[in-house]
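J.: Take this structure, written in structure tokens, and hold onto it; I'll ask about it next.
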Amino acid sequence: MGYTVNGHAVWLILIVPFLVSFFLVPFVKKLAFHIDAVDYPNQRRINKVPMPDLGGLAVFFSFLFGFIFFGQGNVQMISILMSSFIVIIMGLCDDIKPLGAKWQLLAQVVAAAILVFYGHITLDEVSILGLHLVFPSPFNYLFTIFFVITVINVINLSDGLDGLCSGISAIYFATVSFIALFINRVAGFDIVLSLLMCGSLLGFLFHNFPPAKIYLGDTGSNFIGLLVAVTALLGFKTATFTSLIIPLIVLATPIFDVAFSIIRRGLKRKNPFTTPDRDHFHHQLLKMQFSTKSSLLIIYAINILFALVSILYAAGDTNYAIFLYVCLMILFLFIVLKTDILFSHEDRKKKKGKK
């Protein structure tokens, strides 16, 4: 591969964190059992045996190791590392002994604020579907913090199946890298981050793919969510993304899954943010008698299709991409309506039976 970033071959930026992550996971697994950062089986969990919960540490240290060799230090990177340490520490504490939602939110707000006020990573204007929105100060700060926290929680809530969060996140970072290097011909700071994250996640995925031997835990899902938000924000500044619709399309599956869960819990008059359930999209596939691996591959396939549409959009075929996006959404909604993700079909049958 002839493409280089900061004077380094793309394949090298990918393979170094991949190898570090692959070989680091067994040591992290032992550490998780030693400090009791373990996911024990219960009614909410899919796992049948205790699972180590610190896989995110392997992803983080692999990313950090790769950045030492291939990254460039600047104020933005310092802010990203500071924010990463905050969410890593919060996730580590939560994986050992669950924290309340307010403490997790507080850590996320602090991490996002560091990116905004110290790293000056802000979203000042957005173009989406022909609309151009400008956010004057201080609304750009507030909107950026809200965006970062939302993305972190979307990624965090997607971590409910072996290989799910790590897989769809790897697809995201791979798509961002492809768009930048092969379509927009941009080799900015965000691409180094994306390549390093892609390599780190793929190395971890070898241990996390069904049947998983280790989980990401909140340590990993929060860190990954933070880097997803950061690369999306930086992409606007380096022209990796020409529209907000690009990262949104790539993350369509987890975004809509979270949106459906909020609607579902609201319809049941339950707190949409603190009431857990087993009605997410991956749970529905399992209820339809798909195996864990088959369910995962179905979600991967859907995400890859959305990623391909995102690539088309970035390549300039906006009308064709939007048409395909609408078709995919109709198909996705058709699948959703065949499941209990919004409302229970059994409950509706019981109500009809009573009538």
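J.: Just wondering, is there one or more residues in the range 51-69 that are open to solvent by less than 80 Å² (accessible area, probe 1.4 Å), within 26 Å of A314 (Cβ to Cβ), hydroxyl-bearing (S, T, Y) and touching a Ser or Thr at 6+ places or on another chain (Cβ under 6 Å)?
T.: Taking every residue of the range 51-69 in turn, none turns out to be open to solvent by less than 80 Å² (accessible area, probe 1.4 Å), within 26 Å of A314 (Cβ to Cβ), hydroxyl-bearing (S, T, Y) and touching a Ser or Thr at 6+ places or on another chain (Cβ under 6 Å).
J.: For the range 307-321, how many residues are surrounded by fewer than 16 Cβ atoms within 10 Å (Cβ to Cβ) and either of a type in the set (S, T, N, Q) or in a loop (DSSP other than H, G, I, E, B) (or both)? Steps first, answer last, please.
T.: Initially, the range 307-321 is screened for residues surrounded by fewer than 16 Cβ atoms within 10 Å (Cβ to Cβ), giving 315-317, 319-320.
From what's left, either of a type in the set (S, T, N, Q) or in a loop (DSSP other than H, G, I, E, B) (or both): 315-317, 319.
Matching residues across the range 307-321 total 4.
J.: While we're on this one: Which condition from (1) over 16 Å from S169 (Cα atoms); (2) free of Cβ contacts under 8 Å to residues at least 60 places away in the same chain; (3) surrounded by fewer than 18 Cβ atoms within 10 Å (Cβ to Cβ) is the one that T242 breaks?
T.: Every condition holds for T242 apart from (2).
J.: Something else about it: Can you name every residue in the range 247-302 that is open to solvent by less than 40 Å² (accessible area, probe 1.4 Å), modelled with pLDDT under 85, assigned to a loop (DSSP other than H, G, I, E, B) and not polar (S, T, N, Q)?
T.: Passing the criteria: P272, D277, D279, H280.
J.: Now a separate question. Kindly provide the set of residues from the range 63-99 that are of a type in the set (G, A, S) and either at pLDDT 90 or above or part of a helix (DSSP H, G or I) (or both), ordered by number. I'd like the intermediate steps shown before the answer.
T.: Going through the range 63-99, the residues of a type in the set (G, A, S) turn out to be 66, 71, 73, 79, 83-84, 91.
Those that are of a type in the set (G, A, S) and either at pLDDT 90 or above or part of a helix (DSSP H, G or I) (or both): G66, S79, S83, S84, G91.
J.: Would you confirm whether any residue within the range 176-197 is open to solvent by 10 Å² or more (accessible area, probe 1.4 Å), outside any loop (DSSP other than H, G, I, E, B) and within 27 Å of D53 (Cβ to Cβ)?
T.: The answer is no; no qualifying residue exists.
J.: Right, next: Condition test on L234, is it surrounded by fewer than 22 Cβ atoms within 10 Å (Cβ to Cβ), assigned to a helix (DSSP H, G or I) and over 13 Å from the mean Cα position of the chain (by Cα)? Explain how you work it out, then say what you get.
T.: Numbers: surrounded by fewer than 22 Cβ atoms within 10 Å (Cβ to Cβ): no; assigned to a helix (DSSP H, G or I): yes; over 13 Å from the mean Cα position of the chain (by Cα): yes.
Answer is no for this residue.
J.: I'd like the residue in the range 71-112 that is open to solvent by 60 Å² or more (accessible area, probe 1.4 Å) and in contact (Cβ under 8 Å) with a residue 60 or more places away in the chain and, out of all such residues, is nearest to D53 (Cα to Cα).
T.: If we take residues in the range 71-112 being open to solvent by 60 Å² or more (accessible area, probe 1.4 Å) and in contact (Cβ under 8 Å) with a residue 60 or more places away in the chain, then I96 is nearest to D53 (Cα to Cα).
J.: Among the numbered conditions (1) surrounded by 17 or more Cβ atoms within 10 Å (Cβ to Cβ); (2) without any contact (Cβ under 8 Å) to a residue 24 or more places away in the chain, tell me where D159 comes up short.
T.: Failed condition: (2).
J.: Surrounded by fewer than 17 Cβ atoms within 10 Å (Cβ to Cβ), over 13 Å from S221 (Cα atoms) and of a type in the set (A, V, I, L, M, F, W, C): does that describe L115?
T.: On the way: surrounded by fewer than 17 Cβ atoms within 10 Å (Cβ to Cβ): no; over 13 Å from S221 (Cα atoms): yes; of a type in the set (A, V, I, L, M, F, W, C): yes.
Against the criterion (surrounded by fewer than 17 Cβ atoms within 10 Å (Cβ to Cβ), over 13 Å from S221 (Cα atoms) and of a type in the set (A, V, I, L, M, F, W, C)), L115 does not qualify.
J.: For I335, state whether it is in contact with a helix residue (DSSP H, G or I) (Cβ under 6 Å, 6 or more places away or on another chain) and open to solvent by less than 80 Å² (accessible area, probe 1.4 Å).
T.: Numbers: in contact with a helix residue (DSSP H, G or I) (Cβ under 6 Å, 6 or more places away or on another chain): no; open to solvent by less than 80 Å² (accessible area, probe 1.4 Å): yes.
It is false that I335 is in contact with a helix residue (DSSP H, G or I) (Cβ under 6 Å, 6 or more places away or on another chain) and open to solvent by less than 80 Å² (accessible area, probe 1.4 Å).
J.: Identify, please: which residue in the range 202-222 is aromatic (F, W, Y) and within 24 Å of D36 (Cβ to Cβ) and is, among those, most open to solvent (accessible area, probe 1.4 Å)? Working first, answer last.
T.: So in the range 202-222, the residues aromatic (F, W, Y) come out as 204, 206, 209, 215.
Then drop every residue that is not within 24 Å of D36 (Cβ to Cβ), which leaves 204, 215.
Numbers: F204: 0, Y215: 36 Å².
Taking the candidates together, the pick is Y215.
Residue by residue, here is whether (1) of a type in the set (K, R); (2) at pLDDT below 85 holds:
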{"residue": "Y320", "(1), (2)": "no, no"}
{"residue": "L342", "(1), (2)": "no, yes"}
{"residue": "E346", "(1), (2)": "no, yes"}
{"residue": "K351", "(1), (2)": "yes, yes"}
{"residue": "K354", "(1), (2)": "yes, yes"}
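J.: So, one more: I'd like to verify a number: residues in the range 1-25 that are within 12 Å of A58 (Cβ to Cβ) and open to solvent by 60 Å² or more (accessible area, probe 1.4 Å), how many?
T.: Residues of the range 1-25 that are within 12 Å of A58 (Cβ to Cβ), as a first pass: 17-25.
Subsequent filtering for residues that are open to solvent by 60 Å² or more (accessible area, probe 1.4 Å) retains 19, 22-23.
Of the residues in that region, 3 qualify.
The values are calculated or read from the model by the stated rules, or taken from the named source; none is laboratory data. On a predicted model such as this, the values are computed, not experimentally measured, just so you know. Neighbour counts run over all protein chains shown; Cβ positions are idealised from the backbone, glycine included. Ligands, DNA and RNA are excluded from the accessible area calculation, which covers all protein heavy atoms including side chains. Shrake-Rupley method; radii C 1.70, N 1.55, O 1.52, S 1.80 Å.
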